[in-house]
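Trainee: This is the structure I want to talk about, given as structure tokens.
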Amino acid sequence: MTLRELLKVMTGALLATPFLQLFRKKEETGYYWQIDPDKCIQCGKCETECVLPRSAVKCVHQYASCGYCLFCSGYYQDKRIEFNTAGENLRCPTDAIVRTYVEDPYFEYKIDEEKCIGCGKCVKGCASFGNGSLFLQVRRHLCKDCNECRIAKVCPSGAFTRVPADKPYIFRHPPEVKS
Amino acid sequence: MNMLGVVQARFPAPEFDNYKVPLIQLENIVADVTPWRILLLTLFLVVGAVLFYKYRSRKGMLFLSLAGLTLFGFVLKSCPCPVGMFQNIAEGVANGTYVPLGILLLFTLPLVCALFYGRVFCGGACPLGALQELLHWHTLTIPLALDRVLRLIPILLLLLCSACAACGLGFPLCYLEPYLPIFVLNFATPLAILSAVFIVVGLFVSRPFCRFVCPYGALLRFCTLFAVKKPVITVKECVNCKLCEQGCPNGAVLPPEPDTSTATRRKGSRRLSTLVACIPLALFLGGLLGYFAAPAMSSMHRDVRLLRDVETKQQTLEVEAFEAQGSSLNELKARAVHAQNKTLVCMTLCGMLFGACAMAELIAESRRRREENSYSIDASLCFCCGRCYAACPLERKEKTHEK
Ligand code: SF4
Ligand code: SF4
Ligand code: SF4
Ligand code: SF4
């Protein structure tokens, strides 16, 4: 049957066309989701929109740009009554920021990812009065790599981008990961 | 206030005496499982074809699909799966962006397999199919006419979702996937409602998603038309016991049709010529519908929405972010107009194509000639589950003989 043969050849050709893409110059895109921290406005959607019961987006601390402030604006509320670590003075709703004394007058702030819900409150605080060393990022070991990230769809600042498998993280500033 | 909070050293990094500044806490690069998925998928397709055609084993196919469910659904990352990947490809082709090789391969392998052996992917490797197979209890037969109409939905979805992906409207199919809550173990309400509906329907209607929603299924169906090897039930002289037809919950087994008289033949050919004459009309109507649906679609585009909000001075988060990023309004306008035009073209094309597909379906239906005195399988509707093999008494006899 000639029509059938023709259709068959056409189907085969159609299946092959996407592979023409491979001859294009390889660009820096892949299929893993990451947030561009410089675009994020910490709207809070990252906490609620992820398909997972607990969001795959967590706060990440880039220590190298941290000021180790005594009065960390990511740690304390703006309208705190006093600088003590009572719950109502702190920004983080789940008490996920662990504060440890380093040396006078510096403190180290560490994010406990078990507790972090990715709400971005501390990130906002740090960005407005501090160095901006906290940022939200999709944690690759938690993320399901949805074909369309539910957060990306609603992110008001268009901060979500796709990255290739060999460059799986976007950092806030100079990358300084150990490999 | 600096809303974006770009890194700025308001407080210089202190110099410590004996404290080493820690590095970012990041799990070392998470392993990329895509090569494994490709390898396993190939293996599953080969094993599936062997089990289904050589051993004709229902149990084998069931075990294979269970293994597929565990591996592709739970052990390896389940997303992005071949079912939704046509969207990535549509997006890549339309925008001229790079589509990773992994996606290309995962998408084409099952289709290539369908060109040779039919929908072995559906019966053996698709986690969604396996889940539906498990969650099926009692088959209610759907009237043939309704079945034929509903069969058009996957084609429509295939075209619509591709159009959306091509126009930058996102991947709508990913929101229609009813079994997602089971794979991500999140049973919060908005996600779970669709899921519950499909599961309840699936108890009585076999593979509701596969038959009436899955756009990838439509592609597989199309490829199966040209399959080199198609499933055949009757190994020997068929005794017309009807058991296989009752055994197939998917309506893929066709009863024999005694040689039709010349009167019905002539009626058939008249119907065929009417249908062929209707093709231009269908194309025109489809295109028209698509053309008029386009503005509603493009108003959902990110840039179009943002432009509208900026122009009407609404205080949305998007506008806030837009202002904070200091992007230029003219660029946004250009992007929005581009998106609108693109949607118009894509939707018109999509409508015309749907018209063409619907007509093709009707024509194929009226041209089909069945076997004269034995039951046969419509390969394009067969999910390669092997139930009919298990139901055939001749086949069972043969198998016990072998033993
Ligand atoms: S949704 Fe976007 S803007 Fe909002 S917190 Fe997440 S990345 Fe930031
Ligand atoms: S890709 Fe999916 S799992 Fe990952 S952050 Fe987005 S919604 Fe959550
Ligand atoms: S038709 Fe069903 S089994 Fe086949 S690809 Fe679609 S969801 Fe999977
Ligand atoms: S293998 Fe048989 S029972 Fe299963 S879908 Fe195909 S025709 Fe129906």
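The values are calculated or read from the model by the stated rules, or taken from the named source; none is laboratory data. Values in this document were obtained by computation on a predicted structure and should not be read as measured data. No Cβ is skipped: glycine too gets one built from the backbone with ideal geometry, and neighbour counts run over all protein chains shown. Note: accessible area is taken over every heavy atom of the protein model, side chains too, but ligands, DNA and RNA are not part of it. Shrake-Rupley method; radii C 1.70, N 1.55, O 1.52, S 1.80 Å.
Trainee: Which one of the conditions (1) within 15 Å of ligand 2 (Cβ to nearest atom); (2) in contact with a helix residue (DSSP H, G or I) (Cβ under 7 Å, 6 or more places away or on another chain); (3) open to solvent by 40 Å² or more (accessible area, probe 1.4 Å) does residue A:142 fail to meet, given that it meets all the rest?
Mentor: Of everything listed in (1) within 15 Å of ligand 2 (Cβ to nearest atom); (2) in contact with a helix residue (DSSP H, G or I) (Cβ under 7 Å, 6 or more places away or on another chain); (3) open to solvent by 40 Å² or more (accessible area, probe 1.4 Å), residue A:142 misses just condition (2).
The rows are residues; the columns are (1) part of a helix (DSSP H, G or I); (2) at pLDDT 90 or above; (3) out of contact with any Gly (no Cβ under 9 Å at 6 or more places or on another chain); (4) within 14 Å of another protein chain (Cβ to nearest Cβ).
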residue	(1), (2), (3), (4)
B:64	yes, yes, no, no
B:79	no, no, yes, yes
B:94	yes, no, no, yes
B:110	yes, yes, yes, yes
B:123	yes, yes, no, no
B:128	yes, yes, no, yes
B:131	yes, yes, no, no
B:155	yes, yes, yes, no
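Trainee: Looking only at residues in the stretch B:42-75 that are farther than 13 Å from residue B:134 by Cβ and polar (S, T, N, Q), which one is nearest to the chain's Cα centre (by Cα)?
Mentor: Only one residue tops the list, namely B:42.
Trainee: Right, something else. Is at least one residue of the stretch B:383-402 closer than 28 Å to residue B:45 by Cβ, among the hydroxyl-bearing types (Ser, Thr, Tyr) and touching a residue at least 60 places away in the same chain (Cβ under 8 Å)?
Mentor: yes
Trainee: Please verify whether the stretch B:337-354 includes one or more residues that are within 14 Å of chain A (Cβ to nearest Cβ), more than 16 Å from ligand 1 (Cβ to nearest atom) and under 19 Å from residue A:158 (Cα atoms). Talk me through it step by step, then tell me what you get.
Mentor: So in the stretch B:337-354, the residues within 14 Å of chain A (Cβ to nearest Cβ) come out as B:339, B:353.
Subsequent filtering for residues that are more than 16 Å from ligand 1 (Cβ to nearest atom) retains B:339, B:353.
Next cut, under 19 Å from residue A:158 (Cα atoms) only: B:339.
There is at least one residue in the stretch B:337-354 that is within 14 Å of chain A (Cβ to nearest Cβ), more than 16 Å from ligand 1 (Cβ to nearest atom) and under 19 Å from residue A:158 (Cα atoms).
Trainee: Return only the number of the condition from (1) at pLDDT 90 or above; (2) not assigned by TED's automatic domain parsing to the domain that holds residue B:231 that residue B:59 does not satisfy.
Mentor: Every condition holds for residue B:59 apart from (2).
Trainee: Looking at the stretch A:145-162 only, could you name the residues that are more than 8 Å from chain B (Cβ to nearest Cβ) and open to solvent by 20 Å² or more (accessible area, probe 1.4 Å)?
Mentor: Result: A:150, A:154, A:160, A:161, A:162.
Trainee: With respect to residue A:66, determine if the residue is open to solvent by less than 20 Å² (accessible area, probe 1.4 Å) and touching a strand residue (DSSP E or B) at 6+ places or on another chain (Cβ under 8 Å). Step through it out loud before you land on a result.
Mentor: Values: open to solvent by less than 20 Å² (accessible area, probe 1.4 Å): yes; touching a strand residue (DSSP E or B) at 6+ places or on another chain (Cβ under 8 Å): yes.
Taking the combined requirement at face value, the residue satisfies it.
Trainee: Of the residues B:182, B:199, B:193, only one is assigned by TED's automatic domain parsing to the domain that holds residue B:90, of a type in the set (A, V, I, L, M) and within 16 Å of ligand 2 (Cβ to nearest atom); which?
Mentor: Working: B:199 fails: within 16 Å of ligand 2 (Cβ to nearest atom); B:193 fails: within 16 Å of ligand 2 (Cβ to nearest atom).
After ruling out the rest, the residue left standing is B:182.
Trainee: Of everything in the stretch A:1-30, what is of a type outside the set (D, E, K, R), modelled with pLDDT of 80 or more and surrounded by 10 or more Cβ atoms within 10 Å (Cβ to Cβ)? Give them in sequence order.
Mentor: Listed by number, the residues that qualify are A:6, A:7, A:9, A:10, A:11, A:12, A:14, A:15, A:16.
Trainee: Separate question: Taking the conditions exactly as written (over 33 Å from the mean Cα position of the chain (by Cα) and closer than 24 Å to residue B:252 by Cα), does residue B:361 satisfy them or not? Don't jump to the end; show me each part of the working.
Mentor: Numbers: over 33 Å from the mean Cα position of the chain (by Cα): no; closer than 24 Å to residue B:252 by Cα: yes.
Spelling it out, it is not the case that residue B:361 is over 33 Å from the mean Cα position of the chain (by Cα) and closer than 24 Å to residue B:252 by Cα.
Trainee: May I ask you to verify whether residue A:103 is within 29 Å of residue B:77 (Cβ to Cβ), surrounded by fewer than 20 Cβ atoms within 10 Å (Cβ to Cβ), away from ligand 3 (no atom under 16 Å from the Cβ) and among the acidic types (Asp, Glu)? Don't jump to the end; show me each part of the working.
Mentor: Numbers: within 29 Å of residue B:77 (Cβ to Cβ): no; surrounded by fewer than 20 Cβ atoms within 10 Å (Cβ to Cβ): yes; away from ligand 3 (no atom under 16 Å from the Cβ): yes; among the acidic types (Asp, Glu): yes.
So residue A:103 does not fit the description; no.
Trainee: In the stretch B:274-301, which residues are assigned to a helix (DSSP H, G or I), more than 19 Å from residue B:360 (Cβ to Cβ) and within 25 Å of the chain's Cα centre (by Cα)?
Mentor: Once the filter is applied, which keeps residues that are assigned to a helix (DSSP H, G or I), more than 19 Å from residue B:360 (Cβ to Cβ) and within 25 Å of the chain's Cα centre (by Cα), the stretch B:274-301 yields B:291, B:293, B:294, B:296, B:297, B:298.
Trainee: Looking at this structure, is residue A:21 in contact with a Gly (Cβ under 7 Å, 6 or more places away or on another chain), at the interface with chain B (Cβ under 9 Å from one of its Cβ atoms) and within 16 Å of ligand 2 (Cβ to nearest atom)?
Mentor: no
Trainee: Oh, and also: Answer yes or no: is there a residue in the stretch B:194-210 that is within 10 Å of the chain's Cα centre (by Cα) and not acidic (Asp, Glu).
Mentor: First pass over the stretch B:194-210, keeping only residues within 10 Å of the chain's Cα centre (by Cα): B:209-210.
Narrowing further to those that are not acidic (Asp, Glu): B:209-210.
Within the stretch B:194-210, one or more residues are within 10 Å of the chain's Cα centre (by Cα) and not acidic (Asp, Glu).
Trainee: Spot the failing condition for residue B:142; the list is (1) part of a helix (DSSP H, G or I); (2) in contact (Cβ under 8 Å) with a residue 24 or more places away in the chain; (3) over 15 Å from the mean Cα position of the chain (by Cα), and only one is missed.
Mentor: Every listed condition holds for residue B:142 apart from (1).
Trainee: Starting from residues that are of a type in the set (Gly, Ala, Ser) and buried (at least 16 other Cβ atoms within 10 Å of the Cβ), keep the ones in the stretch B:328-355 and report whichever is farthest from residue B:218 (Cα to Cα). First the steps, then the outcome.
Mentor: Let us first name the residues in the stretch B:328-355 that are of a type in the set (Gly, Ala, Ser), namely B:328, B:334, B:336, B:339, B:351, B:355.
Applying the additional criterion that residues be buried (at least 16 other Cβ atoms within 10 Å of the Cβ) yields B:336, B:339, B:351, B:355.
Values: B:336: 32, B:339: 28, B:351: 16, B:355: 15 Å.
Among those that are of a type in the set (Gly, Ala, Ser) and buried (at least 16 other Cβ atoms within 10 Å of the Cβ), it is B:336.
Trainee: On the given criteria, is residue B:325 at pLDDT below 90 and either within 11 Å of chain A (Cβ to nearest Cβ) or within 30 Å of residue B:159 (Cα to Cα) (or both)? Spell out the reasoning first.
Mentor: Details: at pLDDT below 90: yes; either within 11 Å of chain A (Cβ to nearest Cβ) or within 30 Å of residue B:159 (Cα to Cα) (or both): yes.
Answer is yes for this residue.
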